[in-house]
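Enquirer: Input: one structure, supplied below.
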Amino acid sequence: MCPANKPHEFRNYVDATAANDIRPGTKFNWDQRIGVPIKVTGQTISLPSLELILYIRITYNDAWESKRMQYVDDFYLSYIVGNAAAAHATSEQRMMIEEHIKRIYGQ
């Protein structure tokens, strides 16, 4: 992931906790590992409007057909800190980080 306005800061935050685990319908909480400056005024906490671009790559094998090749799914998301959910990244945002994905993952 990286801030939307700083694609050169794209970093790899690997989470392999779900590896070799089959739990249909399970939701995984995202452990956010990027610092966000906050401002506290009295009892009010203000977050800057920070938009993150996330690239999620899921690789898996067919559990019932082990001789088949590995499958890969790629997801590009846009997330504004403080929102309840992420959205699909735009094609422009996707293109911004593709060279950095290739640099890190060699794709």
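Enquirer: Is it the case that ILE53 is out of contact with any helix residue (DSSP H, G or I) (no Cβ under 6 Å at 6 or more places or on another chain) and in contact (Cβ under 8 Å) with a residue 24 or more places away in the chain?
Expert: Against the criterion (out of contact with any helix residue (DSSP H, G or I) (no Cβ under 6 Å at 6 or more places or on another chain) and in contact (Cβ under 8 Å) with a residue 24 or more places away in the chain), ILE53 does not qualify.
Enquirer: A further question follows. Mind checking which pairs have a first residue in the range 1-26 that is closer than 15 Å to LEU77 by Cα and a second that is open to solvent by 60 Å² or more (accessible area, probe 1.4 Å) and modelled with pLDDT under 85, Cβ under 6 Å, 6 or more apart or different chains?
Expert: TYR13/ARG33
Enquirer: Restricting to the range 68-98, name every residue that is surrounded by 12 or more Cβ atoms within 10 Å (Cβ to Cβ), modelled with pLDDT of 90 or more and outside any strand (DSSP E or B).
Expert: ALA89, THR90, GLN93, ARG94, MET95, MET96, ILE97, GLU98 - these are the residues of the range 68-98 that are surrounded by 12 or more Cβ atoms within 10 Å (Cβ to Cβ), modelled with pLDDT of 90 or more and outside any strand (DSSP E or B).
The values are calculated or read from the model by the stated rules, or taken from the named source; none is laboratory data. For clarity, every value in this text was computed on a predicted model and none was experimentally measured. Here Cβ is always computed from backbone atoms with ideal geometry, including for glycine, and neighbour counts include all displayed protein chains. Ligands, DNA and RNA are stripped out before the accessible areas are found, and what is left, the full protein with its side chains, is counted by its heavy atoms. Shrake-Rupley method; radii C 1.70, N 1.55, O 1.52, S 1.80 Å.
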